[in-house]
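The values are calculated or read from the model by the stated rules, or taken from the named source; none is laboratory data. Everything numeric in this text was worked out from a predicted model, so none of it was measured. A quick note on method: Cβ atoms are made from the backbone with ideal geometry, for glycine too, and the neighbour counts reach across all protein chains shown.
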Amino acid sequence: MLSRKRPRMRIVRRSTKHSQNAETIANNYDLLIQILVRLPVKSLLRFKSVSKTWHSIISDPEFSCRLFPDISGLVMRKLGSPANKPEYGFIPLGNKSSADDAPFKYLDFINHPSGLKVVQSCNGLLLCSSSRYDDKSNYDYYIYNPTTKQFVMIALPANPQDARIVYSLSLAFDHTKSPHYKVVCIRDPDPWLNISDDPDSNFVSQQIEIYSSQTRSWRLSGKPFLAHVNTEFGGGVFCNGAIHWLGAWNNTSFYFNVQDEELRDLPMPPIPDDWEDLRRYQYFSESQNHLHLIEIYQPPTTRFCVYEIESDYSGWFVKYNINLDLLTVAYPGMVRTYSVPSDLNYYVFSVLCIVREAR
C-alpha cells in the first residue's frame, strides 16, 4: 500500500507596497520634509508626537520658515465698526491673493464683554488686549495665532505691596530663530527699590520685565532707567531681534535687544534747521527686517523720504524718495481746497504700511 505525503505548505511573507513606501519615506529625510511642509499647521502640531525625528523636523526654525509664505495682504480694521466687536478687512497685495484669503474677519477667539483690539502684529502672531469691564484702567492681554486659531492669556506681572503702572507690552517673535516668543513689559519700578522721581520733572523711572512662552513666567531685566513721560512705549516695533520705541517730542528714543537684554539709545534723523517745532512722526514700522521711518516737515506733503536705519545703528539713510503728485490728479478729493498750500495738512493721506518684497 502506497502512502501519500502531504504537500508542504509554503508560507511566504511579503512586504506590501504600502509598507515599502512608508519605509522609503521614513528613511528619506528630504522627502519627509517635502511632505510635512504641505500639511496644515494643526496636523503638524499633533504629528510632533509621532517620533523624535518628526518632532525635531517640525520644531526646527528653518522648517517653520517654509510653512509661512511671503506676505500677500494687509489686515486693517474697518472704520465705523463697533468697539466691542471691531470688523477687519483684508487688502490683497499679491497677484494670487484675494479678499477671501483673510485670516479672520472678527477677533472672536474669546467672548470678551469689552471687545478685543490688536496691539501689535509680529511675524504671524497678534498681541491683543481688552479693557476689563470692572476696571477700564486695566487690560487683559492675549497672544493669538490666527493660523491655528489658538490663543493664550498673558497675566501681567504680579504686584507686590503697591500697585504698579504698566505702560505697555510689546511682542518679540522670530520663527526663524526660535518657536518661542517673549513679551516685554514697561512698568513702574518695584516700590522697595526706593526710587523717587522728581515731581517737577518730565522724566520718570521705568523698569523692563520679560515674559517667556518657554518658561511661562515673568522676570526682571536690568535696572530701572529714566524716560520722558510721553515716550511712545505703546508703539513698540520689533525688528532684527530688538524692540524700538520713539521718544516724545525731541527726547531720547530707545531700542532693546531682547536676546542680550541691552537697552540703548536710538539715534534719530536731524530735524530741519528751519523747523522750530517738535518732531513730526508720520510712520514708524518694519518690513522684511528693515526699520523704516517717515517724518514730514515741509510742504508740499506729497513728496517725502522714507528713512532706513543702518545695520549698526549709526544713523539713518534715505531709502526711498516718494512723489504722490499724480495721486492728487487722479483723486482731487485729497486736496483741502479751503486750506493754503503752505499748510502741512494741505493734502489728505495716511501711510498705512510699507511692504518690501522678500526677493
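A few points about this structure:
- Residues that are over 28 Å from Pro179 (Cα atoms), free of Cβ contacts under 8 Å to residues at least 24 places away in the same chain and surrounded by 13 or more Cβ atoms within 10 Å (Cβ to Cβ), drawn from the stretch 92-140: Ser131, Arg132
- Search result, residues across the stretch 281-301 that are farther than 22 Å from Leu326 by Cβ, assigned to a strand (DSSP E or B) and among the hydroxyl-bearing types (Ser, Thr, Tyr): Tyr281, Ser285, Ser287
- The residues of the stretch 1-57 that are in a helix (DSSP H, G or I), polar (S, T, N, Q) and modelled with pLDDT of 60 or more, listed by number, are Asn21, Thr24, Asn27, Gln34, Ser43, Thr53, Ser56.
- Output for the stretch 302-328, where each listed residue is in a loop (DSSP other than H, G, I, E, B) and out of contact with any Leu (no Cβ under 6 Å at 6 or more places or on another chain): Glu310, Ser311, Asp312, Tyr313, Ser314, Gly315, Leu324
- Qualifying residue in the stretch 267-278 (condition: surrounded by 12 or more Cβ atoms within 10 Å (Cβ to Cβ) and touching a residue at least 60 places away in the same chain (Cβ under 8 Å)): no
- Flag for Leu263 being surrounded by 10 or more Cβ atoms within 10 Å (Cβ to Cβ), modelled with pLDDT of 90 or more and closer than 23 Å to Ile243 by Cα: yes
- Checking each residue in the stretch 296-327 for being surrounded by 15 or more Cβ atoms within 10 Å (Cβ to Cβ) and either of a type in the set (S, T, N, Q) or farther than 19 Å from Ser342 by Cα (or both) picks out Thr301, Thr302, Val306, Tyr307, Glu308, Ile309, Tyr313, Trp316, Lys319.
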